[in-house]
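Worksheet: the structure to be examined is printed underneath.
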Amino acid sequence: MLPEVARAGQADVYSMFRTRARERQEALALEDGEIRRTYGALLGRVDSLAAALLARGIEPGDRIAILLHNRSDYVELQLAAAAIGAIVACLNWRLAPPELRHCIELVSPRLGVVEPGLRACFEAVSGIPVLEIGTDWEKVIAAAEPDPRTGTMVQEPEAGLNILYTSGTTGLPKGALISHRAHIARAMVFAAQLALEPADAFIAWAPMFHMASTDHVLATLLRGGTVVMIDGLQPREINAALSRHQVGWLVMMPGAIEAFIAERRANPMPIKGVRVVGAMADLVPPHQIAQLTSLVNAPYLNSFGSTETGLPPATASLISPGLMPERLSKRLSAFCEARLVDSDGREVPDGTPGEMTVRGPTLFSGYWNDGKTNARDFRGGFFHMGDVFRRNADGTIDFVDRAKYLIKSGGENVYPAEIERLLLAHPQVMDAAVVRARDARWGESPVAFVARATEGLDAGDLMRLCSEQLAGYKRPREIRFIAFEDFPRSTSGKVQRHVLEAWIEGEAD
């Protein structure tokens, strides 16, 4: 194949954004508080920033570490990096200094972009040059001369654009490299799988170091929609944004839904429309799903994806508004190939738990500087997710649990998620997590942590429920009630089981 032919079939994020910006110059691209950027204005700032980065010696493949809360500057840097082939390492500002140092050292960045309140923290763990958001940022953009290299430096779609760190629920974070190819494919899958319209808005309230925001911010701008930046979970601001914009996907995660429901009930202002709401239905009490979908009149997204895969492999099911689901079987996503396999890589029959493996264009390009993990997780030409599912006779699949988090009780395998789903189905349970604890007789046994809606719910009620629905070896040996806000969570809202385990271990020592 001629190189020219191969090049004509390729694309990069910046070039596609530039095309959309020229077409929709006066349309609103970005809203951030009082800041309003049209597509034309945003393209101008992105080009100036790209030229400034080139003047500082940033080259294709160089990493730029970013430590910012959600703000418009975050989007400008990602698009400017896309224009020159640089890679943005999206740092989690919630990390403790040793964790932050690990994430920075892992990717060896040439430059750090930080906001004033986080600069001291960044400089305490890194000696790299810093560009501070605010006056310095605006001066750099204003002084930049156009550079003809802008938009010409990404030579292949496999070039990296973002490094998103995994949640690190069991250890130090890994850096997942997301390419231009993957971001473009994810944008197309978002639109096709969720039936979004080109001008649909997206409210980016989840941290930009999380895939839900970064993936869908870029996808929205490639389609021609409006991105509304909100710094964290602010239910009032999110509710108000719904009154201004037709929203495609309203992200709502475990741990955030209850607060938004309360705001929506207190201020039921008219909304322009939501096409789909929510995520990770397995981790949400069914009554919350029914309440949330009724309040915004949109179906709930029964999703299963990851930082590494995007929306696939199992984000094709919707739960109708007002419905309290009795089962959460999922349909496989379009535009990916998925297999359930045993420990030897053989496909398992229907009804047998197997690890989810997937391949397709939305897949990430491996973990940064971690050849050993990449060799293990990409064996056989599929990415091994580490999540266990069962396939049903009708082709749907049911989530079982993480492959690496099993409770071995008396020789039996106990999947915590099975117990959690039963507990979450109780109307007075706000959240639940099951972890393993040492057991002198059985080796390990399950312990359940529960957040209850009322003091009237006691452990006996839940123990009776488990006795009626679960085999004896699966029943929790103990129910522990804690406040909803005391559940330790990752950035995606998932409960960090290893922290709960440590609480139990600390009492035993």
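Measuring r between the beta carbons of ASP231 and THR135 and using R0 = 35 Å, the FRET efficiency lands at 0.95. Taking all Cα-Cα distances within the range 337-402, those exceeding 18 Å account for 37%.
Model label sites at ARG94 and ARG7, defined 7 Å from Cα along the beta-carbon direction, differ in position by 4.4 nm.
For the chain, what is the convex hull volume of the alpha-carbon atoms per residue, in Å³? Present the calculation step by step, with values, prior to reporting the outcome.
Numbers: hull volume 82.4 nm³, N = 509.
That works out to 162 Å³ per residue.
Helical runs (DSSP H, four residues minimum) scored at -39500 (n - 2.57) apiece and divided by the length of the chain put the mean residue ellipticity at 222 nm at -10500 deg cm²/dmol. Considering only DSSP beta bridges where both residues belong to the chain, give the percentage that are antiparallel (nearest 5). The antiparallel fraction comes to roughly 60 percent.
In the chain, taking the dipole from charged Cβ atoms about the Cα centre, the farthest positive-side position among MET211, LEU118, SER294 is held by SER294. When both the range 63-77 and the range 204-272 are represented by their alpha-carbon centers, they are found 19 Å apart. Placing dummy labels 7 Å off each Cα toward the beta-carbon, the span from ASP342 to THR19 is 4.7 nm. Maximal additional length on extending the ARG376-MET269 stretch stands at 33.5 nm, based on 0.36 nm per residue less the C-alpha distance.
Which aspartates and glutamates have a Cα less than 12 Å from the Cα of LYS408, not counting those fewer than 8 places away in the same chain? Qualifying aspartates and glutamates at Cα under 12 Å: ASP439, GLU444. Against the main long axis of the alpha-carbon atoms of the chain, helix 39-55 sits at an angle near 80°.
DSSP beta bridges confined to the range 1-141 are antiparallel in about 25 percent of cases. The lysines within cross-link reach of LYS404, meaning a Cα-to-Cα straight distance under 23 Å and a gap of 8 or more places when in the same chain, are LYS174, LYS330, LYS372, LYS474, LYS494. The alpha-carbon atoms of the range 407-508, seen along their principal axes, cover 34, 31, 24 angstrom, with the largest extent given first. If R0 is 35 Å, the Cβ-Cβ spacing of TYR473 and MET324 corresponds to a FRET efficiency of close to 0.75. When we measure straight from the Cα of LYS272, which aspartates and glutamates land under 12 angstrom away, once same-chain ones fewer than 8 places off are left out? Those aspartates and glutamates meeting the cut-off are ASP200. Between GLU105 and SER243, the distance separating the two model label sites (each 7 Å from Cα on the Cα→Cβ line) works out to 5.0 nm. The loop-placed trypsin sites (Lys or Arg not before Pro) in the range 431-509, going by DSSP, that have at most 10 neighbouring Cβ atoms within 10 Å of their Cβ come out as ARG441. Net charge dipole, the range 350-509: roughly 540 debye, given to the nearest 20, about the Cα centre with Cβ charges of +1 for Lys and Arg and -1 for Asp and Glu.
The alpha carbon centroids of the range 361-413 and the range 454-484 are separated by 29 Å. Applying 1/(1 + (r/R0)^6) with R0 = 56 Å to the Cβ-Cβ distance of ARG119 and ASP350 gives a FRET efficiency near 0.50.
Extension gain, ALA393-ALA262: 0.36 nm per intervening residue step, less the Cα-Cα distance, totals 43.2 nm.
Taken together, the values in this text are just the output of simple stated rules run on the coordinates, not laboratory data. Since this is a predicted model, take the numbers as computed values, not measurements. As a convention, Cβ positions derive from the backbone with ideal geometry for all residues, glycine included, and neighbour counts pool all protein chains shown.
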